[in-house]
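Computed from the coordinates by the stated procedures, all read-outs in this text should not be read as laboratory data. As the structure is a computational prediction, the values presented were derived from the model and not from experiment. Here the Cβ is made from the backbone with ideal geometry for all residues, glycine too, and neighbour counts use every protein chain on show.
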Amino acid sequence: MYEISLMSQSDLKEAYEIEKTTNPTPWSKENFFSSFEVGHKSLACKYNKRIVGFIIFSHIKKESHLLSIAVEKDHQRSGAGSILLKTMINQSKVLGAKKIYLEVRSKNKVAINFYSKFKFIKDAIRTNYYSGDSPDDAVLMSLDI
Ligand SMILES: CC(C)(COP(=O)(O)OP(=O)(O)OC[C@H]1O[C@@H](n2cnc3c(N)ncnc32)[C@H](O)[C@@H]1OP(=O)(O)O)[C@@H](O)C(=O)NCCC(=O)NCCS
């Protein structure tokens, strides 16, 4: 059974291993760790006490911003991502958010499908938002909560 908990500093290393294997252009280790230090909110999804997924988001007044979500490959399509996103939505509501924003690569059809299932809508395309080895446009999506 999947269990959601607040991510602690000691969970970061395990979570970063998932980031590296699931994101074509992963955050740098420094960005990943400093995200924790600057106070972004993060949740871990554990299976048998081991981290199999995580979500990171920021919250300011009436808005939350989903910054990163990933589930280890062997656990994908088993509901872990949904539990993480549902918990993030609930926490955002409790914090007073009315809207959640995110950006996703236009080529990441799996993630776009995932967010669409949660009724996120496509607001805009930001052309050439992602540069580097895997250039791509960003799809900006949002959800009223
Ligand atoms: C996106 C991601 C977090 C989803 O997590 P997950 O645990 O696999 O998702 P769930 O099992 O909860 O799936 C929920 C729904 O998402 C959609 N979905 C998930 N995986 C999918 C796939 N491979 N193909 C099509 N739709 C998919 C489906 O609608 C699914 O519902 P269903 O299984 O009832 O059809 C996961 O695929 C992942 O880690 N991807 C790599 C990292 C990434 O792209 N992050 C997003 C960056 S913006």
For every helix of n ≥ 4 consecutive DSSP H residues, a contribution of -39,500 (n - 2.57) applies; sum these over the chain, divide by its total residues, and give [θ] at 222 nm rounded to the nearest 500 deg cm²/dmol. -9500 deg cm²/dmol
Could you list I56, I83 in order of exposure, starting from the residue whose Cβ has the fewest other Cβ atoms within 10 Å? I83, I56
Just to confirm a number: summing +1 for Lys and Arg and -1 for Asp and Glu over residues other than F120 whose beta-carbon lies under 12 angstrom from that of F120, what do you get? +1
Can you order the peptides 84-91, 73-80 by their average number of other Cβ atoms within 10 Å per residue, highest first? 84-91, 73-80
On alpha carbon coordinates alone, what is the Rg over Rh value for the chain, Rh being the Kirkwood radius? 0.93
So, with points 7 Å from each Cα along the Cβ direction, the K122-N48 label distance in nm works out to 4.0 nm
Express in whole angstrom the spacing between the alpha-carbon centres of the range 1-53 and the range 63-79. 10 Å
